[in-house]
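Beneath this line is the structure, given in structure tokens, with notes to follow.
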Amino acid sequence: MTKDLGIHGNLFGGIMLAWIDEAAASYASQICHTPNMVTLKVEEVVFKKPVKLGYQIRIYGEVIKMGKTSITLNVETRKYNVYSQEESVVCTTNIVFVRIDESGEPIPIPSPVIERYRK
Ligand SMILES: CC(C)(COP(=O)(O)OP(=O)(O)OC[C@H]1O[C@@H](n2cnc3c(N)ncnc32)[C@H](O)[C@@H]1OP(=O)(O)O)[C@@H](O)C(=O)NCCC(=O)NCCS
């Protein structure tokens, strides 16, 4: 939407980052069976191509590392043209999330989850 664009008519990077963080946190929470996941680290973010008005944004995640209290996702963002059905990668990064308790301290991710996703 126009409210999400910067002065060059491209999707503003900060907006994109917020969407990526939200989508990835949601996926990490789903995998780890808890909403109590916080973003610890966003690795290098590459905005490879601009996104113009009217495209859909699709955000894909994959577990690349499972630790004791942390999980690392590779996140790939793609723009989708609803007219041509073409999809292409516009942004990539890795994000680390940590499971926390009520005091905000790291606690272990359930072991069946660790076993399932450990590489
Ligand atoms: C996330 C947080 C609870 C971690 O606390 P901490 O005392 O630094 O945790 P630890 O040093 O015990 O590390 C916890 C996990 O993070 C990993 N970790 C720590 N620093 C890391 C780094 N620089 N890169 C990758 N992983 C890292 C550790 O290896 C550990 O993972 P593991 O248990 O799977 O091996 C704390 O840093 C925090 O509250 N950060 C703010 C979170 C937040 O508000 N996010 C929103 C941003 S606005």
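Miscellaneous remarks
- Given (1) more than 10 Å from the ligand (Cβ to nearest atom); (2) touching a residue at least 60 places away in the same chain (Cβ under 8 Å); (3) touching a strand residue (DSSP E or B) at 6+ places or on another chain (Cβ under 7 Å), number of the condition Val113 does not satisfy: (3)
- Taking first residues from region 72-83 that are without any contact (Cβ under 8 Å) to a residue 24 or more places away in the chain and partners that are among the charged types (D, E, K, R), the Cβ contacts under 7 Å between residues at least 6 apart in sequence or on separate chains come to Asn74/Glu62; Arg78/Arg58; Arg78/Glu87.
Rundown of residues vs (1) near the ligand (Cβ under 10 Å from one of its atoms); (2) polar (S, T, N, Q); (3) under 18 Å from the mean Cα position of the chain (by Cα), yes/no style:
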{"site": "His8", "(1), (2), (3)": "no, no, no"}
{"site": "Val38", "(1), (2), (3)": "yes, no, yes"}
{"site": "Gly54", "(1), (2), (3)": "no, no, no"}
{"site": "Ile59", "(1), (2), (3)": "no, no, yes"}
{"site": "Ile64", "(1), (2), (3)": "no, no, yes"}
{"site": "Lys79", "(1), (2), (3)": "no, no, yes"}
{"site": "Asn94", "(1), (2), (3)": "yes, yes, yes"}
{"site": "Pro108", "(1), (2), (3)": "yes, no, no"}
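A short reminder: the numbers here are calculations on the coordinates, not readings from a lab. Just so we're clear, the structure is a prediction, and the values are computed from it rather than from any experiment. Note that we place each Cβ from the backbone using ideal geometry, even for glycine, and neighbour counts take in every protein chain shown.
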